[in-house]
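> Provided herewith is a single structure, encoded as structure tokens, for subsequent inquiry.
The values are calculated or read from the model by the stated rules, or taken from the named source; none is laboratory data. These numbers were taken from a predicted model, which means no experiment stands behind them. Quick reminder, even Gly has a Cβ in these numbers, built from the backbone with ideal geometry, and neighbours come from all protein chains shown. For the accessible areas, the whole protein counts, side chains as well, though only heavy atoms, and no ligand, DNA or RNA atoms are used. Shrake-Rupley method; radii C 1.70, N 1.55, O 1.52, S 1.80 Å.
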Amino acid sequence: MSGPLTAVLKAFGAGVHSVDEVVVRTGLSRDVVDAAIGHLVRAGRLESRELAIGCPDGGCGSCASGQVDGSAGCGASGPSERRSGPVLVTLSLRRPH
Amino acid sequence: MTPETATSTLPADTTRGLAAANCHEDGSAPQAPAGARVVALAGAPNVGKSTLFNALTGARRTVGNWPGTTVEVGRGAWALPGEQVSLVDLPGAYSLDPMSPDEELTRDLLLAADPAARPGAVVVIASAAHLARSLYLVAQVRETTLPVVVVLTMIDVAARRGIEIDTAALERALGCPVVSVDPRRRRGHEDLDRVVLAALDAGPATPRVDPARVRVQPCGCRGCTADAPCSCCPHDLVEPALDGEHTAYELERADERFAWIERAVTAGVTARADVRQTWTDRIDRWVTAPVIGPLIFLAVMWAVFQVTTVVAAPLQDGLDQLVSGPVSAAVSAGLGAIGLGGGLIEGFLVNGLIAGVGMVLTFVPLMGLMFLLIAVLEDSGYMARAAVVTDRLMGRLGLPGRAFLPLVVGFGCNVPAISATRILPNARHRILTSLLVPFTSCSARLTVFVLLATTFFPERAGTVVFAMYLTSILLVVLIGLLLRSTLWRAVGADPLVIDLPPYQRPTARLSLSVMWLRLKGFLRTAGGIIVATVCVVWLLQMIPGGGGGTFGAVPVEDSLYAAVSRFVAPVLAPAGFGDWQAVSALVVGFIAKEAVISSWAQTYALAEPASERQPGALGQHLLATFESSSGGHAGVAVVAFMVFLLAYTPCVATISAQKREIGVRWTALGLVLGLVVAWVLAVLVFQVGRLIW
């Protein structure tokens, strides 16, 4: 079967650069595309990552947003629940558990 | 009556369902009478579920407009006509798949092992503004025997966006009642009361079945077949054994649900064609256009650097005068008063710490202004458009799209950028990107660019700094292409989709907070590195370099520091800056670029007595140094110097990060690559430049 999720995944695989392009390529409504992307991200088939720039010198350890263990707290090097900036949605292959 | 609520953090035994939820009552709070029928309130986060719960029960639960507000199970009495039921506010959930603790709890409560413990009806809240997002949960609940009522909220928001919902058509498509309510204005509550009561009375619902899962066994009467069964043919549901948590079967099921959602949305939702184009759409037509977009991006970045250098210049001069004037004089006078003047201690404090650290401090207004402008661009949503423009360019050049993220981070600092390459699933992409990150111009290099640009090109300082950033982007692209065409011809493209947020007016609080965050990080790191480097450089400048003299009494040009720099200097003579004073900064810059200016300030401070020192003298000394080393082509030589500074090793911390991420071999290759590229480009710039300039 080829439903909206498959169509969205195919659009990602074809190298689209924006969600609007996904909408055009799949012919689905923006609302359905947004919902499908959200579902695929939650299911781990797509990865959503925040864009972060202007990091302080010395890296995440010296940043007030950094975690105690020195890792990023803003989504610069991992998915973040907080969506404070523009979001990059990247296609990633699911790894077996 | 005045219903009250009580909450429980987690039911003690979710397998026993909602009836087992052991709420912590506050003593006087009346609940629905024992044995009252239970109605569950479910829905995705941020659709107004808690607001509706409060409106229906008169409760005062915490209400917020951010996802995940409902983190507890709330319970309250809901007075329906002629009956009081127990309304249970479930945690926000997009689906019944256990993808988060909230969803797991919601699933366990709705699908309790004991059917008698399940709610009598489920009210699923759906945002009319994002209907599809809310309907996945409806699709899953409709596959059970639980009676479902869909409540549409945020009708007004949807209407403003030109979305109109035909409730009756949607009801037919979903196969369950749909009611529009406005909990804030208490509209639609009577309809909801009536519909929920009817759903409770109707009993178990007929589950929605995916046609693909139905296996028909033709009974043979009237010649019926599997394709054309009759009404009496037995039907079985196919449930293949799952071989993992996320199987192709699960995608197929989810796909079928989304197809059902799409049909429902198509049937029940109309988007008005006369809705005016938003400001975001209008602006995006230009800023993300294939040709105009990159030009606008370049213009915006040029403006950032121009404003930064022009506005910050007077503040920088003021701080320079303060540090090299009253501060240095006061410290010298103070030391003289206690009998420590003219010795090593005064030399270290005035010519070392104050000259070195003070010079870098003069860049605080400049860095602050640049961080503020970048923060404003980020907060407005423009930087996301810049990402689209840049990513498209990289995609066309065949570079991996996702490598864009660490490269952008690299323009702040190369160290976290190297760590950020972990997001790339392909090992070759990680290595390639880690080798490219050092060519992105970090903020530490900015201070050196600004000092040199304002000294040598005072009228066009902003443009020169902007040109260095442009050169950095070009280097990333060209080196990337070079590596791809030699080492990794087989590396494929990696698709990247950027979700653009709408434009918004930047808030002063957020922008200033981001600026302070980054400035503080810069000062903290730079401060530590500079003080340490100042001490080492001062020590090396006190040690004789083989030409006689004793510790602390040797001219700086005869020190060990100068001797080491002189040893390296001839290599850089073809680039026009084979002077030990210029080269010494590059040697120090290998440790950290933050220390380049402080080392220059120390070197030149030692060369002249403190009493004769003038504000802005560092620039004059640099002018003389480059004029002499380049044979009268100081401008070209300084451009070559900046190109070298841009391309060679950023700092030892970056090397350390590279070693951790890609190993010693690739790190060594990156080190050599940077030095070779830097030398070749610097020589090329100087040799060609001096012929035409």
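> Please give the charge dipole size of the stretch B:288-430, origin at the Cα centre, charges +1 on K and R Cβ atoms and -1 on D and E Cβ atoms. Round to the nearest 20 debye.
I would put it at about 900 debye.
> I would also like to ask the following. Would you work out which of A:S29, A:G15, A:S2 lies farthest towards the positive end of the dipole of the stretch A:1-44, given +1 charges on the beta-carbon of Lys and Arg and -1 on that of Asp and Glu, about the Cα centre?
A:S2
> Sequence neighbours fewer than 8 away in the same chain don't count; with that in mind, list the lysines whose C-alpha is under 30 Å from B:K659.
The reachable lysines, counting only those whose Cα sits under 30 Å from B:K659, are B:K520, B:K593.
> Also: Would you calculate the separation in nanometres between label points at B:V652 and B:A116, each defined as 7 Å from the Cα along the Cα-to-beta-carbon direction?
7.4
> Once you put a point 7 Å from the Cα of B:L560 and another 7 Å from the Cα of B:D191, both along the Cβ direction, what distance in nm separates them?
8.6
> In angstroms, what radius of gyration and Dmax does the stretch A:1-44 have, counting Cα atoms only?
Every Cα atom of the stretch A:1-44 included, Rg and Dmax give 9.3, 25 Å.
> Along the Cα→Cβ direction, 7 angstrom out, place labels at B:Q620 and B:A337. What is the inter-label distance in nm?
Going from the B:Q620 label point to the B:A337 one covers 2.9 nm.
> Between B:L315 and B:R665, what's the calculated FRET efficiency when r is the beta-carbon distance and R0 is 60 Å? Round to 0.05.
0.85
> Using the heavy atoms of the protein chains and a 1.4 angstrom probe, tell me the accessible area per residue for the stretch B:503-609 in square angstrom.
Dividing the accessible area of the stretch B:503-609 by its residue count gives 42 Å².
> How big is the C-alpha Rg of the stretch B:503-649 next to the rule-of-thumb value 2.2 N^0.38 Å, as a ratio?
Dividing the Cα Rg of the stretch B:503-649 by 2.2 N^0.38 Å gives 1.24.
> When the Cα centres of the stretch B:510-544 and the stretch B:649-684 are compared, how far apart do they sit, in Å?
Taking the Cα centre of the stretch B:649-684 as reference, the centre of the stretch B:510-544 is 22 Å away.
> Take the Cα of B:F567, step 7 Å along the line toward its Cβ, and report every residue of the stretch B:538-557 whose backbone nitrogen sits under 20 Å from that point.
Inside the label zone: B:538-552, B:554-557.
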